[in-house]
């Protein structure tokens, strides 16, 4: 039986929810605020990317797409790492890193093949000058950010869900503290 990496990539959202659930049940004492800041940075990167993305219309090369071909996935990575750090679940960090590689790389490769088919030489030239994930070349693009594209790409809902999740992490800890010491 052959392992189909592309099918594995379809489980990336389930993986994210599982990591979130493990963070919720992790027995922490208080949120580590630098981790929350990192998670919020990941949300900001995703919003920035969504504001430059016109799926299936044209190749996005401006904004964060000038620095990385996959800013939405980079934002997701930073967000997840921030959530894991915010609850100080250090044991979960290697699990998160390995899972991210297993569930996201197949998706990146599949999407790159689709972009190559759709945009041909334009995508080849873009791929040759912009790194896949980690931004190590800094050449600003010409696209302008658009909140309308953020809404069209439904990134505002993703961001809202992530903020609600971070608030739920804090509320869970407050509830635990109250249950441990009911009289203050």
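The values are calculated or read from the model by the stated rules, or taken from the named source; none is laboratory data. All of these numbers come straight from a predicted model, not from anything done at the bench. Please note: Cβ atoms are built from the backbone with ideal geometry, for glycine as well, and neighbour counts cover all protein chains shown.
What to note about this one:
- Taking the criterion of being crowded, with 22+ Cβ neighbours inside 10 Å and within 8 Å of the chain's Cα centre (by Cα), the residues of region 75-87 that qualify are 75, 76, 79, 80.
- Selection status of residue 115, at negative phi and either modelled with pLDDT of 90 or more or touching a strand residue (DSSP E or B) at 6+ places or on another chain (Cβ under 9 Å) (or both): yes
Table: residues versus (1) out of contact with any helix residue (DSSP H, G or I) (no Cβ under 7 Å at 6 or more places or on another chain); (2) closer than 13 Å to residue 22 by Cα; (3) part of a helix (DSSP H, G or I); (4) at pLDDT below 90.
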| residue | (1), (2), (3), (4) |
| --- | --- |
| 75 | no, no, yes, no |
| 88 | yes, yes, no, yes |
| 97 | yes, no, yes, no |
| 105 | yes, no, yes, yes |
| 108 | no, no, yes, yes |
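- Filtered residue count, region 44-58, keeping only those that are closer than 30 Å to residue 120 by Cβ and not in a loop (DSSP other than H, G, I, E, B): 6
- Candidate set: region 128-162, residues that are modelled with pLDDT of 75 or more and more than 16 Å from residue 72 (Cα to Cα); chosen: the one nearest to the chain's Cα centre (by Cα): 148
- Meets criteria (out of contact with any strand residue (DSSP E or B) (no Cβ under 9 Å at 6 or more places or on another chain), surrounded by fewer than 18 Cβ atoms within 10 Å (Cβ to Cβ), outside any helix (DSSP H, G or I) and at pLDDT 90 or above) for residue 41: no
- In region 60-73, residue modelled with the highest pLDDT [restricted to those that are more than 13 Å from residue 50 (Cα to Cα) and assigned to a loop (DSSP other than H, G, I, E, B)]: 68
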